Amino acid sequence: MMNKKAAYTVAVVGATGAVGTEMIQVLEERNFPVGELVPLASARSEGHEVMFRGQSLPVQVLEPNSFQGVDVALFSAGASVSKEFGPIAVKAGAVVIDNSSAWRMDPKVPLVVPEVNAHALSGHQGLIANPNCSTIQMVVALKPLHDAVRIKRIIVTTLQSVSGTGKDAMDELAEQTRQLLSFGEAKVEVYPYQIAFNCLPHIDDFLTNGYTKEEMKMVYETRKILG
Ligand SMILES: NC(=O)c1ccc[n+]([C@@H]2O[C@H](COP(=O)([O-])OP(=O)(O)OC[C@H]3O[C@@H](n4cnc5c(N)ncnc54)[C@H](OP(=O)(O)O)[C@@H]3O)[C@@H](O)[C@H]2O)c1
């Protein structure tokens with residue numbers, strides 16, 4: 001458990017990404033008591049800087065000793081990075097809040113939406129997971145209904161934005177929009193098909209049961225959170 005402090009050293013893993021950028025902005029907007037911010041990313045971001053409270057901070061390359069003196073580590077750099085570096089950060093004394101899918105279904109790791117099941121935090125062992133973005137929004141709305149009548153079945157349709165696929169996808173949308181409005185051809189790289197002026201009725205890989213991984217995440221994560 002972390003002792004209460006006047007200010008915390010906060011690391012953001014994936015600080016240059018779509019989600020990491022928002023995390024840093026929210027830490028600032030909410031006036032979270034950050035003593036020091038440690039922005040971490042891959043070697044691709046060496047030499048890059050991020051802005052925090054009007055100051056430009058150099059991005060550091062993530063490595064095993066990145067977490068010395070870190071109180072809270074917000075991870076948002078994909079599941080494989082969380083799997084490898086999450087336990088290293090915990091061992092160094094940080095509380096890890098992980099935004100990837102790496103630890104969500106681990107029975108030892110609480111899967112938390114604060115408005116819904118903050119009680120699950122008690123007894124955490126340093127790693128805390130947050131769910132898939134669609135699950136988060138859905139369970140906030142469903143929690144009072146579930147408490148009142150116990151929900152048996154949920155039928156869900158999600159309409160997901162390009163930003164959910166990360167900064168490369170957002171760049172592709174902007175670039176394809178520019179290409180198409182200039183009467184050119186849309187260059188397809190991140191998605192399997194053109195995404196500008198289009199809607200792809202498919203997210204993530206299909207599983208043997210006919211659903212995609214993204215769809216099954218909503219099923220399993222909702223069950224874990226609502227109990
Ligand atoms: N829970 C949710 O609501 C939610 C919503 C959206 C996304 N996500 C998850 O959040 C994560 C990030 O998504 P995103 O949209 O922000 O992606 P993104 O825009 O592609 O950004 C990825 C970030 O991770 C960093 N990174 C990638 N590989 C790394 C490595 N080996 N070592 C260190 N840093 C590395 C990148 O650094 P460079 O810039 O140096 O490459 C970048 O900062 C994913 O796991 C995604 O599934 C969760």
| note | Rounded to the nearest 500, the 222 nm mean residue ellipticity computed for the chain from DSSP H runs (n ≥ 4, each -39500 (n - 2.57)) alone is -10500 deg cm²/dmol
| request: Compute, for Phe32, the solvent-accessible surface of its heavy atoms (probe 1.4 Å) with the complete set of protein chains present, and express it in square angstrom to the nearest 10. | output: 80
| said: Given contacts defined as C-alpha pairs under 8 Å and at least six residues apart, what's the relative contact order of segment 162-202, whole-number percent? | reply: 33
| query | Of all accessible surface on segment 162-202 at a 1.4 Å probe, what whole percent is carbon and sulfur? | reply | 57
| How large is ³J(HN,Hα) for each residue in segment 60-67, as worked out from phi by the Karplus curve 6.51 cos²θ - 1.76 cosθ + 1.60 (θ = phi - 60°), to whole Hz, x for Gly and Pro? | 9, 6, 4, 8, x, 9, 6, 9
| 3J(HN,Hα) from dihedral phi, segment 4-14, Karplus parametrisation 6.51/-1.76/1.60, rounded to Hz, x for glycine, proline | 5, 10, 6, 8, 10, 8, 10, 9, 10, 8, x
| field | Residues with amide H under 5 Å from that of Tyr8, placed H, sequence gap 5 or more | value | Val34, Gly35, Glu36
| query | Given N residues in the chain, what is Rg(Cα) / (2.2 N^0.38 Å)? | reply | 1.11
| message | Can you return the lysines within cross-link range of Lys187? Criterion is Cα-Cα under 24 Å, with same-chain partners fewer than 8 residues away left out. | response | Lys167
| query | Counting pairs of alpha carbon atoms under 8 Å apart in space and at least six apart in sequence, what relative contact order in percent does the chain give? | reply | 15
| said: Tell me the relative contact order for segment 8-102 as a rounded percent, counting alpha carbon contacts under 8 Å between residues six or more apart. | reply: 30
| Packing-based ranking, highest mean first, of 95-102, 143-150 given that Cβ atoms within 10 Å are counted | 95-102, 143-150
| Cα gyration tensor shape of segment 1-91, rounded if a/c is under 1.5, else prolate or oblate by comparing a/b with b/c | oblate
| task | Holding the Cα-Cα limit at 21 Å, pick out from Lys152/Lys224; Lys83/Lys213; Lys91/Lys224; Lys152/Lys217; Lys108/Lys224 the pairs that are longer than that. | result | Lys91/Lys224
| field | Residues with amide H under 5 Å from that of Thr212, placed H, sequence gap 5 or more | value | Leu207
| task | Please turn the phi angles of segment 128-142 into ³J(HN,Hα) values with the Karplus equation 6.51 cos²θ - 1.76 cosθ + 1.60 (θ = phi - 60°), one per residue in order, whole Hz, x for glycine and proline. | result | 10, 9, 10, x, 4, 4, 5, 5, 3, 5, 5, 5, 4, 6, 7
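The values are calculated or read from the model by the stated rules, or taken from the named source; none is laboratory data. The shown structure was predicted, so the numbers you read here are calculated from the model rather than taken from an experiment. Don't worry about glycine lacking a Cβ; one is built from the backbone with ideal geometry, like all the others, and counts go over all protein chains shown. Please note that ligands, DNA and RNA were not included when accessible areas were found on the heavy atoms of the full protein model with its side chains. Shrake-Rupley method; radii C 1.70, N 1.55, O 1.52, S 1.80 Å.
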